[in-house]
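The values are calculated or read from the model by the stated rules, or taken from the named source; none is laboratory data. This structure is a prediction, so every number in the text was calculated from the model and none was measured. Here the Cβ positions follow ideal geometry from the backbone for every residue, glycine too, while neighbour counts run over all protein chains shown.
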Amino acid sequence: MPVIIALIAVLLVAVVYVIGLYNGLVALRQRVRQAWANIDVLLKQRHEELPKLIETCKRYMQYEQETLERVIRARNAVQDARGGGDVGAVGTAEQELRGGLGRLFGLVENYPQLKADASFQALQVRISGLEESIADRRELYNEQVQINNTRIEQFPAVLIARHYGFLPAQLLEFTAEEKADVDVGALLRN
């Protein structure tokens, strides 16, 4: 009888442990999703600001259509990648968008009237702020991804993760060059 009680107690502890592991993995997955949702909101806000920026620039930059079109194409690529939920595609599209914005803001130096335009200045500040927020949220997202990915590879959680289909999340990575292109303030300084 004491052996049966001991076996039931061990079994009960094992079940509670497995449930705790499973719930912990679910919580990690939800933190990754929440962190991505925070980035997604900022990307959407920036997506909505870029057409205003392009329209403001078009009034002054008649000879820079290629640059403006590049920003528009990149903006659309980011939107498509966001819609598909493909973090890798978002990173690639972001690289193109950041390059286009960097070139656009660099060309502003050639258009003093545009640089002095209040609408342009407000958009530049808004987009720069969004870029900084995206960078901060990307850091938080990548931290959550790292925690999630590490946990689902550790024993014994790996057994539960594999059995219930917990998959590693993808980091949102930008190159150092991409990060430099986003420094709009530096590009606009005289």
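Determine which member of the set 42, 28, 21 is over 30 Å from residue 159 (Cα atoms), part of a helix (DSSP H, G or I) and touching a residue at least 12 places away in the same chain (Cβ under 8 Å).
Values: 28 fails: over 30 Å from residue 159 (Cα atoms); 21 fails: over 30 Å from residue 159 (Cα atoms).
Just a single option satisfies the conditions, and that option is 42.
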Which residues, taken from segment 79-109, are more than 18 Å from residue 173 (Cα to Cα) and in contact with a Phe, Trp or Tyr (Cβ under 9 Å, 6 or more places away or on another chain)? 108
When residues of segment 58-90 are limited to those that are assigned to a helix (DSSP H, G or I), touching a residue at least 40 places away in the same chain (Cβ under 8 Å) and in contact with a helix residue (DSSP H, G or I) (Cβ under 6 Å, 6 or more places away or on another chain), the one nearest to residue 116 (Cα to Cα): 60
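For every residue, the table says whether it meets (1) assigned to a helix (DSSP H, G or I); (2) under 30 Å from residue 21 (Cα atoms); (3) touching a helix residue (DSSP H, G or I) at 6+ places or on another chain (Cβ under 6 Å).
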| residue | (1), (2), (3) |
| --- | --- |
| 104 | yes, no, yes |
| 109 | yes, no, no |
| 119 | yes, no, yes |
| 129 | yes, no, no |
| 134 | yes, no, yes |
| 143 | yes, yes, no |
| 151 | yes, yes, yes |
Residues of segment 35-82 being within 13 Å of the chain's Cα centre (by Cα) and small (Gly, Ala, Ser), which ones? 35, 37, 81
Out of (1) at negative phi; (2) surrounded by fewer than 17 Cβ atoms within 10 Å (Cβ to Cβ), the one residue 85 does not meet is (1)
Hits in segment 19-29 (condition: hydrophobic (A, V, I, L, M, F, W, C) and surrounded by fewer than 15 Cβ atoms within 10 Å (Cβ to Cβ)): 19, 26, 27
Have a look at 130, 123 and point out the one that is at pLDDT 90 or above, surrounded by 16 or more Cβ atoms within 10 Å (Cβ to Cβ) and either closer than 22 Å to residue 38 by Cα or out of contact with any Leu (no Cβ under 6 Å at 6 or more places or on another chain) (or both). 130
Can you say whether residue 3 is farther than 19 Å from residue 148 by Cα, surrounded by 10 or more Cβ atoms within 10 Å (Cβ to Cβ) and either of a type in the set (Val, Ile, Thr) or at pLDDT 95 or above (or both), as far as the supplied structure shows? no
Out of 71, 90, 108, 32, I need the residue that is surrounded by 18 or more Cβ atoms within 10 Å (Cβ to Cβ) and at pLDDT 90 or above. Which one? 32
